[in-house]
Every structure is written in structure tokens, then in C-alpha cells.
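Structure record follows, encoded as C-alpha cells.
Derivation of every value follows stated rules applied to the coordinates shown; laboratory data play no part. Here the structure is a predicted model, which is why all the values come from computation and not from measurement. Positions of Cβ are backbone-derived with ideal geometry, glycine not excepted, and every protein chain shown enters the neighbour counts.
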Amino acid sequence: MKSEVMVGNKAVAYAVKLARANLIAAYPITPQTTIVEYLSDFVASGELPAEFVTVEGEITAQLVCLSGSIAGARAFTATSGEGLLYMSHALHHTARYWAPVVMAVVNRSVRTMQPDHTDLLAQRETGWIQLYCENNQEVLDTGIMAYKIAEDERVRLPVAFALDGYVLSFTAEPVTIPEQEKVDGFLKPFKSLYPVLPETWDAELAEYKKHWQQGKGINEPFTPFPGDENFSHLTMVSWGKGHDLQWRWRAHHEAMMRAKKVIKEVDEEYGRIFGRSYGGLLEEYRCEDAEAVIVAMGTLASTSRVVIDNMRKQGKRVGLVKLKSYRPFPDEEFKDIGKRVKAIGVIDRNISLGEGGIVYGSVRSAVYDLEERPKVLGYYAGLAGREVRVRDIEKVAERTLKVARGGETDSTSTWIGG
Amino acid sequence: MSKKMSIRDLRDEEVVWSGNPACQGCGGSIVGRLVFKALGRNSARVEVASCAPGFMNIRVPSFFGPAFEGAAAFMTGLSRGYKIIGREDIVVAGLIGDGGTVDIGFQGLSGAAERNENVMWFTYDNEAYMNTGGQRSSATPEHAQTTTTPIAKMSRGKTSEKKNVPMILALHHVPYVATASIAYPEDMTAKIVYAKELKGFRYMHIFSPCPTGWGTDPKDTIKIARLSVESGLWPLYEILDGHHMRLTYKPRELKPVSEALKVQGRFRHLKDEEIASIQETTTENWSRLLAMDGKDIF
Amino acid sequence: MIEIRFHGRGGQGAVTAVKILASAIYLEGKYTQAIPMYGTERRGAPVAAFCRIDDTRIRERDLVHEPDIVVVLDSLLSRSVDVTDGLKSGGLIIVNHPGTYKDTGLAGNFKIATVDATKIALDIIGRPITNTAILGAFAKATGLVKLESLEEAVKGELPSRIIATNVEAMRRAYAETSAPADASGLKKAEVVKKASTQPLISYSRVVSDWRVTHPVIDKVACVGCKRCWVYCPETAISMVEDKAEVNYDYCKGCGICAEECLVHAIKMEREEV
């Protein structure tokens, strides 16, 4: 098995190559730029046969992936921060069209090039699956798994996998590169479920008409049939007045819920084949007998492991919940954890201005219905790329433990480092 | 160069289904019908927000994206995707309104042209954002009344010139750029049939009268299109590879622009000086085009 | 509260009508709500609009499902749209129709008032835009609003150059509206939603009810030049044995074919109601 000391961006490029993505939309933005450069080299050398489209902007990048995916390509693009915000419009469309596009997001804050998670978390309404990585190995592995999750017929939703800008994108560490044959066994070639082909068009429409018209007039409320979301590329059919499209959101939400199981299955299978797995939606690290746990996403989870190990050496019963999937949100898992611990300290590398930490809100909500709720504390750390040190997370864990043992707390989040 | 055609050369096969809910006398419907008649059924069509997706019952796979700025991106993605699955034979054609071409779609258009994507872009130009009720676009001609360039005390219609997109695209040196009009279906079809055999980015800008938005009688749609060509307001030409230019219709003498303008409600307010100004610009433009005719430009 | 539903086709001014009505009622000191129903429909497609009238501010934000009064702007609409759906028992329907209440094909426990708004509009305004005429009929048949209030409201809604003709149409309709007559003894005509025979794609539908005139082709005069065929925006004309033929299901009566025929073989004729 090959391994190399590589930066996170290279790990992304390797994932794309091994997954045999064949349509890459490339637009540069710091700190993602080298991803498209590596891919450009792979394509130019012939190592990766693909259509490499050097687009003129991020919206075009995403929409090219969307339409290419519908036509039958396994599509990929990457972006960061401002580019993702600009692309936001297009993200909604890719998700709405049930196109299994995979995108790497090198997390970057707003109005700075340094990392935080606000860029991708701000897209939580788009219907994309969001997976966060804590080291470059996980980045490579997740990139491959992303396609399997996205293309699963129970899901068919686009997947974004994230890595912290600079901290992972430009930091080199040893990464094992899976063998192509093994990846081919794990990830079959992609076929679009409903390609827009002239010769099958009439039949497709007849099929749709059979279900859709149901003998009603064109302006009457339309009753969806199961599997109707498959015809999402025939959007124009249901744009008339009187057509109730609320069901579309419901269908999408249900697919997101189904994705939870699929993400876990794919992770387990990956572990069996490649020897590495990441817990599915989240990983519990030393939480078995914990009184208190802290929650972190991305590289903050990696640093948190050091803190947990240190404190465990001192006999303190603390654990880490490494949150990998923010969408779909693993509320059942958190509910289960909430039954076992007295306090949860959530570290948000993000903020929803006017309310608070995004992960904090989700965790609190997940445990609310428990008979005996754990206390949930919130912390902001690392926003706009501020460095987060072991000692900072230690403070979080120590305080969470204190609260677990009866200390006072309220719902105001603490700003680490001010 | 496109070869001359007669009405008998137009195929009988209809590539649209009847019964579309467009306005009476919609020029865009005619554009859609003639374009796809010429392209045939082995094509795919892309549309974005505009009147088109709501009304053109075209019998080819349709990719409609409400991302208004995304026409070029959708066409690129489809074209590349078809290539990947070994179906480069499918003609990817976009039927895009002027808004999605000259304004919000302009970035994408230029990008796709510069990359020489293998697609055919058909702009049906009704010279405003008609789908949303008739607001001006940068394709609206100078002096025209629209809902955002009204005729009132402080405003006398659009104050800036119409953006000349065909020439801008010619400077991108794409394989084919042409203007066309529904009043000249043989000329339009000849151009489409010719361009269909080429590879790379092909662009056609088609005049598409809109009775609802222009305040015209539905029955006059073709008449207005014809008068606009015959007065030089809408010259018909083609440019190959951004170099070789040819006027495909040369009336011996141009009709006065007032004939085309006076039947349109959106020009009802024009004073004599304004008509004279339009006449001057049109005559000048025509002379310039005559000078370029048959030559290598740019 | 009184709830009203207007039925029309895109381009006939149903949306403007409810706005004028609401403004007029407000001038008389009551509260109103004017609700259009928007879609991507264009000129000619069935549209609906709603109006509510009350003595206090209206808080409901849903649509009107059980109107007290129904107003129909288009004489052919009731063939394919069930305009009396939800109409309250003892209610009133005002219909644009050249005939009497017995000719409308409507029947039920309500009253019907008619006026030939299309003729009035064509005579006075020159186009078949019946909204102001029908408002005149509304004032007469319901007594809920004064003609003067409507005229005042019209001034705020329409461009100044067409106010005079529209007010005249309104007044004439007011004078010519039949008294509401009981429709409970009549026989209801079937409402047929004609489905398009084309495979469904986008909005393929029968549009024959949208037109006011239709083309009639003189086959003897027709020389088979195909001009009408190529210029038809609806793809409603085909060549049969070298002569042009119109598929009337899909003809909107735009008149382009008649205008472009070089041998004057096509004439536009008024639709029969």
C-alpha cells in the first residue's frame, strides 16, 4: 500500500482520482486552489481521464456539475469561503435536482482567508449532506465515501466534505493511498438515473404523465406519487398555478433522514475493505464511562483528543464526541449520549449571528426531550482562523466536567480567547 | 457560409407539440418551433428563467434550470456529460431570452464562448424582461418604453443603446455568430442547418416580437419582424470564426424606420427628433455593415 | 363579511377588476382585500381573483373557497371551468354572456345576472377587455357599490388615456345588466375540461376557448405556399394535400395567418358563444 506525506488538498485530489470522477469544474480560491491544480496535473498527464472545465465563476462550476451529473457524469468541484457563499444559489439547485455531485469545501471564514466553519454551515438549508474531516487521511477516505453515499439509490443527494483551510489544506502529514482496484470494487461506475436522452424522452414523459395527470385538469392540485422526485429534471412540468409543491421538501427531508443509515453503512464497509472507519455520523472517543463530553468538528476534534487523553491520565472521566456529519444531524446519537453524561460542552467554530453557535443549538435541541437532560454549554473557538491550542480546549473540558459535577451554567456561550 | 433555402426546404416534421400557453401571437413560440424544426429531435434543450420554459412544448429532452444566470453552465455541463457517455451526437441547444443572455447570463455566455464549448446558443430577443412583465434589459433599444424606463415627466424611455452581443461574441472568435428573424424563416433555417454541422460555440441572435410587451396587435408579429429587417433596425448577417462577415439579406433600399416603429406601442411616444435620431443611427450602422460585407473583420 | 370570486382569462383584466372594486368599496368606508392568483399563465389562460368586503379589517389570508358572489368575465369560460364551485346557497353569479340567464348553462340554488360585456367592450373600447364593463354589472346586480365610487377608483388604476372609454363601458353595462334571476329550476350544462390530446409536456393543453376570433381558410383560394404554416406560433396549421388546415383545438386566434396570407385566403371570424 502506498503512502505519502501530503497536504490536505492533495488528499482531496487523490480521492477524486481514485473515485474516477470524470467531470471536474475548476475555479480557484484560496485556500482551495491547489486542489484544482493537482487535478489539472492528473488530467493533463492522462492519469485521470476527465472533462476538466475551467469555468469563469463558482456558480457556473456548480451548475456545470449539476447538469453534467444529470447527463451521466460523475462530477466534482471544490471551493471555499466566499466562493461557497457565491455558489450558494447553485447549491440549492444541485440538491433539488437530486444530483449526486461531490464537492470539497476547504473551510474559510467570511472576509478573511483563515478558516472557520461558517461558510459550509451557512449552507445547511440547501439539502446537501455535510461531512467534516479532522486529518488528511480522513479527507481522502471521506472523499471516496462521499460518492458512494451520494449515489446510493436511497439517497441521491449531493455531498460536501470539509477540511479546515490551512490547518489541513496546506499541512502535510502521512496519508495512506488506497489501491485503485480496491476502490473500484467499493465504488461502481456511475450511471445517471434519468439521463436526458432524446430516444427515451417520449417514454419518460409518458411514464410521468401516467402518474401526474391522473385525469385531472392542469390547474388542479397535484398528488405526488412515490418516487416522483426522480422526475425532478422535468421541473417545468409542475410550474403551473395551483400545483402544490410542498411535498418536494418533504421528499427531500426524508431522503436526508434515510442518508443517516447509508452514511453509517458506507463507513462500516469502508472500514472492512480499507481498514479505516470514522464512526459513521459521529465518533465517540473515550465516552464509555464519561461524566462529561465535549463536542467538536474538523481539526478541533483532533486537538481535543490530546486534551481528553491528558485528562484521562489524571483520572478525569471526560470524552470527546467528534461530530462528522452535520447534515443530516445525528440527533438520535446525541440523545443516547445525553442519557449517559451529565454535561456536554459544544465547541463551535462558527456562529449564527443573532442567535448563537450552530452546533450548540442543534445539540441542545437533540437532548431537550430527555427525562434527565444533561447540561449543554457553548463555546466559540477558532473563528476567523484564530488558533485554538490544547490549553484552550482543556479549559472547555475542565469547565464542562465541573458543570457535570454540579457547577452552575447558563445558556450564554463563552468566547475562547475573547 | 449558410446556403440559401426556400420554404419548401423546411422540414415537415414538427418538433413541438401544439397547445402552449404563450400569449397570442408570441414571437418566441415561433422561434422555438423553427429552431427545433431545424435541429431535429436528436437534441437537448436548455432554458432558464424566461417565457420559454413555460410555454415551449418542444419534443426534445429539456433541462430547465431556474438559476437565471446558469444557461451557459447548464449547456456546458450537458455537453460535457454527453461527451463522457459517448453521445456527442446530441446537439445541445439553449433557447435563452435576452435577459439571460445580455445581463445576468453575460458572464456565463462569455465564459462558454471563450472555452469554445460545443453548444448552440439561440437568443430569442424580445428586448426586455418580458416574463416578469416587461422591464428593460440591456438589449432594450434606445428610446423604448418599458416598465422601468417609462414615459413620464422625468423619463423618456431607455437612455442607453442596445448592447451589441453578436459583435461581442464575434470578437471571441467562435466558429459561428449570426442574427436572424422569424419573418425570414428560410434564412434562419439555413443558418441553423449550417451551424449544426460545425463544432464549438455557435451563437444566433433572433428577433422575437412580443405583442404583450411591445403593445402590438398579435396579428402584426411577423409584419413587425419584417419591417425591422427591411428598415435596417435588425440586419441579418453571419460571421464565421469571428473573421469573415456576410450580410445574408440586402434590401436595395432601406425602408424608413418609422414604418417599423409606429406600429409598436413601446415607441408610440417618439417625437420626430427622436425618430430622426434613430433613423440616423440605423443608416450609419447599415453603411458600416455594407462596408464590412464579404470581408474579413476583426 | 362578503366574499367574491372573479373568473377570467389572462389579459381580460380580472386582477385589475378586483383591485378597482376593492378601492371603490374602501372609498365608501368599508374594509377590503383584493387577492390575485398568479401563476406562469399568459394571456388567455383561466385566472381567478378574489375580493373580500367587511366592516372591520380583514385578517383571513387564505383564498376564497365559498364565495357569496361569483363574477365571470369571459363568456366561454364556464364551459371548461366550474365557476359555481363553492358558491353559497342563495348566492349570486354575474356572467358576461350575450344571452339570458337560461342560456348560460349554469344552474343551482343561486341567482344569475347577465350582461354582454364583450360586445360592450368591443363597441366602446375596441378590445375584448371586459373588466370595467363587468364592474358596472356588479354595481347594478349587487347594489354593494356605487357607480361613482367605481369611476373614482378606475381613475387610480388605469392609464389616463383609456379612462373615459372604460367609464363609458361601465355605465353602459350598468344600464344593460339583467335583473338577477333564480337559477334553481334550470338544468346545468356539463363542465368539460378538454385535455390536450398531445402527450403531456409542460403545458400542452387545448386553447380553443382562449380566442375571440378564429381563422377560416378558403381552400379554393389557398395556393399551398405554406406561409401560414410556417408562421403559426401554435403549430396549429398543417398542410393536407397541399392545402392549409387549422387544428382548432390549438388555435388561439392571433390572426397572424390571416395577416400573412398573400392571396387573402384566410379570414378571421368571431367565435360563437
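If R0 is taken as 35 Å, the Cβ-Cβ distance between B:Ser110 and B:Ser277 corresponds to a FRET efficiency of 0.70.
Each Lys and Arg adds +1 at its Cβ and each Asp and Glu adds -1 at its Cβ; summed about the Cα centre, the range C:208-270 shows a dipole of about 120 debye. Counting Cβ atoms of other protein chains within 10 Å of each Cβ in A:70-80 and taking the mean gives 4. In units of the compact-protein estimate 2.2 N^0.38 Å, the range B:104-210 shows a Cα radius of gyration of 1.19. Convert 4 °C to kelvin, take the viscosity as 1.567 mPa s, use the Kirkwood radius over C-alpha pairs of the range A:345-418 as Rh, and evaluate the Stokes-Einstein diffusion coefficient in µm²/s, rounded to a whole number. Translational D for this selection: 101 µm²/s.
For the segment A:21-27, counting C-beta atoms of other chains within 10 Å of every residue's C-beta and taking the mean gives 2. Normalised by residue number, the volume inside the convex hull of the Cα atoms of chain B is 120 Å³ per residue.
Can you give the local net charge around A:Ala13? Use residues other than it whose beta-carbon is closer than 11 angstrom to its beta-carbon, Lys and Arg +1, Asp and Glu -1. So the environment of A:Ala13 carries a net charge of -1. Per residue, chain B reaches -9500 deg cm²/dmol at 222 nm when only DSSP H runs of four or more residues are counted, each adding -39500 (n - 2.57). Between helix C:14-27 and chain C there is an angle of about 20 degrees, using the helix long axis and the longest principal axis of the Cα atoms. A cut-off under 15 angstrom between Cβ atoms defines the neighbours of A:Glu387, and their net charge, with Lys, Arg +1 and Asp, Glu -1, is +1.
For the pair C:Val220 and C:Tyr31, a Förster radius of 41 Å applied to the C-beta separation gives a FRET efficiency near 0.05, rounded to the nearest 0.05.
With the charge dipole of the protein assembly as shown set up from +1 on Lys and Arg Cβ and -1 on Asp and Glu Cβ about the Cα centre, the Cα lying farthest toward the positive end among the listed residues C:Tyr26, A:Val64, B:Ala71 is that of C:Tyr26.
By count of other Cβ within 10 Å, fewest leading, how are B:His269, A:His253, C:His7, A:His92 ordered? Ascending Cβ contact count within 10 Å gives the list A:His253, B:His269, A:His92, C:His7. Short-range pairs are left out: with C-alpha atoms under 8 Å and at least six residues apart, the relative contact order of the range C:208-270 is 47 percent. Each 10 Å bin from 0 upward holds the following percent of the Cα-Cα pairs of the range B:167-229: 21, 41, 27, 11. For A:Glu125 and A:Glu153, a Förster radius of 25 Å and the Cβ-Cβ distance give a FRET efficiency of 0.55, rounded to the nearest 0.05.
Partners of A:Lys316 within straight-line reach, counting aspartates and glutamates whose Cα lies under 18 Å from its Cα and excluding those fewer than 8 residues away in the same chain: A:Glu284, A:Glu288, A:Asp289, A:Glu291, A:Asp392, A:Glu394, A:Glu398.
If we count every other residue with Cβ under 12 angstrom of B:Glu14's Cβ, Lys/Arg +1 and Asp/Glu -1, where does the sum land?
+2
By the count of neighbouring beta-carbon atoms within 10 Å, fewest first, A:Met145, B:Met245, B:Met1 end up ordered B:Met1, B:Met245, A:Met145. Full extension of the chain between B:Thr132 and B:Arg8 yields a length gain of 40.9 nm, computed as 0.36 nm times the residue separation minus the alpha carbon distance. Label reach from C:Val263 (point 7 Å along Cα→C-beta): in the range C:209-228, amide nitrogens under 17 Å belong to C:216-228. Within the range B:9-47, find all residues whose amide N lies under 20 Å from a label point positioned 7 Å from the Cα of A:Ala206 along Cα-to-beta-carbon. Those under the cut-off are B:14-18, B:41-43.
Every Cα-Cα pair of the range A:148-206 was included, and the share exceeding 18 Å stands at 64 percent.
The order of the peptides C:52-61, B:42-51, B:209-218 by mean Cβ neighbours within 10 Å, most packed first, is B:42-51, B:209-218, C:52-61. What share of the DSSP beta bridges in the protein assembly as shown is antiparallel, in percent to the nearest 5? Of those bridges, close to 40 percent are antiparallel. With contacts taken as Cα pairs under 8 Å at a separation of at least 6 residues, the range A:282-415 carries a relative contact order of 29 percent. With N the number of residues in chain C, Rg(Cα) / (2.2 N^0.38 Å) evaluates to 1.09. Averaging the Cα positions of each part gives two centres, and for the range A:352-370 and the range A:29-85 these lie 34 Å apart. For A:Val341, C:Val18, the sequence from fewest to most other C-beta atoms within 10 Å is A:Val341, C:Val18. Here is the list for the range B:219-298: GluC sites (Glu not before Pro) lying in DSSP coil, each with at most 10 other C-beta atoms within 10 angstrom of its C-beta, are B:Glu253. In vacuo Debye scattering of the protein assembly as shown, one point per C-alpha: log10 I(q)/I(0) at q = 0.09 Å⁻¹? Normalising to I(0) and taking log10 leaves -1.05. Computed on the Cα trace of the range C:97-217, the radius of gyration divided by the Kirkwood hydrodynamic radius gives Rg/Rh = 1.06.
Treating only the Cβ of Lys, Arg, Asp and Glu as charged (+1, +1, -1, -1), what charge dipole size does chain A show about its Cα centre? Round to the nearest 20 debye. Once rounded to the nearest 20, the dipole reads 900 debye. Amide H to amide H, with H built 1.01 Å from N, C:Gly10 comes under 5 Å of C:Gly44, C:Ala45, C:Val47, counting only residues 5 or more places away or on other chains. The lysines within cross-link reach of C:Lys88, meaning a Cα-to-Cα straight distance under 27 Å and a gap of 8 or more places when in the same chain, are A:Lys216, A:Lys241, C:Lys19, C:Lys30, C:Lys102, C:Lys111, C:Lys140, C:Lys146, C:Lys187, C:Lys188, C:Lys193, C:Lys194. Neighbouring Cβ atoms from other chains, within 10 Å of the Cβ of residues in B:216-222, number 6 on average.
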